[in-house]
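Before any comments, here is the structure.
The values are calculated or read from the model by the stated rules, or taken from the named source; none is laboratory data. Small disclaimer: the values here were computed from a predicted structure and weren't measured. All Cβ positions, glycine included, derive from the backbone under ideal geometry; neighbour counts span all protein chains shown. These accessible areas exclude ligands, DNA and RNA; they are computed on the full protein's heavy atoms, side chains included. Shrake-Rupley method; radii C 1.70, N 1.55, O 1.52, S 1.80 Å.
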Amino acid sequence: MGPELEAFEREFADFLGAAHCVGVASGTDALALCLRAAGVGSGDEVIIPANTFIASAMAVSQVGATPRMVDIDDHYLIDTSVIEAAITPRTKAIMPVHLYGQAADLGPLMALAERHKLHVIEDACQAHGARYDGRRVGTFGTAAAFSFYPGKNLGAYGDGGAVVTADPEIAERVRLLRDFGQRKKYEHVIIGGNSRLDSMQAAILRVKLRYLDRWNACRRGAARTYDELLDCPGITRPLCRDLDGHVYHLYVVRVARRNAALQTLAQSGIQAGIHYPVPVHLQPAYAHLGLRRGAYPRTEAAAGEIISLPMFPEITNSQIERVAATLRQHVGGAQEARS
Ligand SMILES: *Cc1c(COP(=O)(O)O)cnc(C)c1O
């Protein structure tokens with residue numbers, strides 16, 4: 001809570017074009033603090049996409065509210081055309097997740113939220129620097145959450161997160177909530193907890209922030225190279241709504257016989273991932289919601305076929321070529337086996 005933190009908060013807010021930034025201990029805490037500060041709590045519902053990291057749902061649960069899922073669009077992002085049907089009298093907020101580094105379709109989403117007087121809490125934990133209509137994500141909703149987990153586009157050397165908002169009252173409430181509701185030393189005005197961002201992490205983040213735009217541009221370049229090299233039958237490349245707005249936290253393709261593809265890649269020493277193999281509604285932790293397989297068919301179909309290929313700013317063309325060749329070999333072999 002020293003000068004390094006204050007400086008980072010100012011610099012990250014300026015980078016985004018936001019009025020306020022409050023450093024906290026993680027992205028999950030940032031989401032929960034956004035919700036609490038916006039008055040979301042027990043008995044309320046928050047609409048989230050079914051395809052997301054579990055933290056989006058668990059932050060909602062942590063504040064006593066219920067996550068209400070909706071299916072995804074062709075970009076693996078919240079399908080704005082089905083949100084309205086999920087709104088109930090208990091709905092308090094919509095949480096778009098800018099998954100894989102791409103902005104959710106915020107135009108229709110913000111209009112819908114306004115019409116129904118709902119808060120929008122952006123989960124921007126994978127989208128530092130991403131843009132929608134030229135504007136950085138994290139500046140559209142009531143508040144937004146960022147994560148600085150080491151693997152994110154802007155990562156600390158340990159856990160960290162931030163709440164970003166245009167609303168000075170929300171910012172003030174988050175400042176209190178992250179530090180035992182303390183306004184002055186030993187004056188506790190509300191019940192809060194401990195969710196501080198260390199000065200050491202803030203100092204590291206201040207240096208790395210200067211490189212973020214450059215690193216994101218490298219990721220975009222790598223994505224364009226993958227796009228070219230993976231233009232072949234059997235591989236579905238990711239759709240991109242805005243070539244300059246996407247920050248490619250992940251580059252996610254779809255193939256048949258996904259697990260065999262992962263094995264082929266692993267045999268060539270290529271580590272790939274699945275984000276995410278089991279959708280939120282099919283996790284044991286959310287069994288009490290009573291949602292079965294078939295509830296969100298697009299999310300479920302994606303979960304069985306997606307692969308996140310190696311993606312980081314320093315990836316070289318020859319590395320990308322090797323990954324692409326290995327994947328093409330897999331789908332080529334699969335098609336020969338069929339014919
Ligand atoms: C990483 C992540 C979070 C949680 O951030 P932590 O810092 O790990 O708590 C939340 N939502 C999404 C989409 C994420 O990728």
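Please find, within region 250-309, the residue that is nearest to Gly43 (Cα to Cα) out of those that are without any contact (Cβ under 8 Å) to a residue 24 or more places away in the chain and part of a loop (DSSP other than H, G, I, E, B).
Result: Gly290.
Working carefully through the options Asp227, Asp242, find the one that is acidic (Asp, Glu) and open to solvent by less than 40 Å² (accessible area, probe 1.4 Å).
None of the others qualify; the one that does is Asp227.
Looking at Ala18, Ala85, Ala111 in this structure, which one is of a type in the set (Gly, Ala, Ser), modelled with pLDDT of 95 or more, outside the structural domain of Val253 (by TED's automatic domain parsing) and open to solvent by less than 30 Å² (accessible area, probe 1.4 Å)?
Answer to the check: Ala18.
With the requirement that a residue be touching a Phe, Trp or Tyr at 6+ places or on another chain (Cβ under 9 Å) and open to solvent by 90 Å² or more (accessible area, probe 1.4 Å), what does region 159-193 give you?
Hits for region 159-193 are Asp159, His188, Ile191.
Just to check your reading of the model, which residue among Gly138, Gly151 is without any contact (Cβ under 8 Å) to a residue 12 or more places away in the chain, among the small types (Gly, Ala, Ser) and within 16 Å of the ligand (Cβ to nearest atom)?
Criteria check complete, one pass: Gly151.
In region 116-215, which strands (runs of 3 or more DSSP E) lie fully inside it and hold 3 or more residues that are touching a helix residue (DSSP H, G or I) at 6+ places or on another chain (Cβ under 6 Å)?
Hits in region 116-215: 119-123, 143-147, 161-165.
Sort out which residues of region 65-76 are closer than 18 Å to Val252 by Cβ and either open to solvent by 10 Å² or more (accessible area, probe 1.4 Å) or more than 14 Å from the ligand (Cβ to nearest atom) (or both), and write them in order of number.
Listed by number, the residues that qualify are Asp71, Asp73, Asp74, His75, Tyr76.
Out of the residues in region 29-64 meeting the condition of being open to solvent by 40 Å² or more (accessible area, probe 1.4 Å) and touching a residue at least 40 places away in the same chain (Cβ under 8 Å), tell me which one is farthest from Val278 (Cα to Cα).
Gly39
With respect to the numbered conditions (1) aliphatic (A, V, I, L, M); (2) touching an Asp or Glu at 6+ places or on another chain (Cβ under 8 Å); (3) within 24 Å of Arg322 (Cβ to Cβ), which one is the sole condition not fulfilled by Leu282?
Among (1) aliphatic (A, V, I, L, M); (2) touching an Asp or Glu at 6+ places or on another chain (Cβ under 8 Å); (3) within 24 Å of Arg322 (Cβ to Cβ), Leu282 violates only (3).
Out of Ala103, Ala57, Ala85, report the one residue that is in a helix (DSSP H, G or I), within 16 Å of the ligand (Cβ to nearest atom) and hydrophobic (A, V, I, L, M, F, W, C).
The unique qualifying residue is Ala57.
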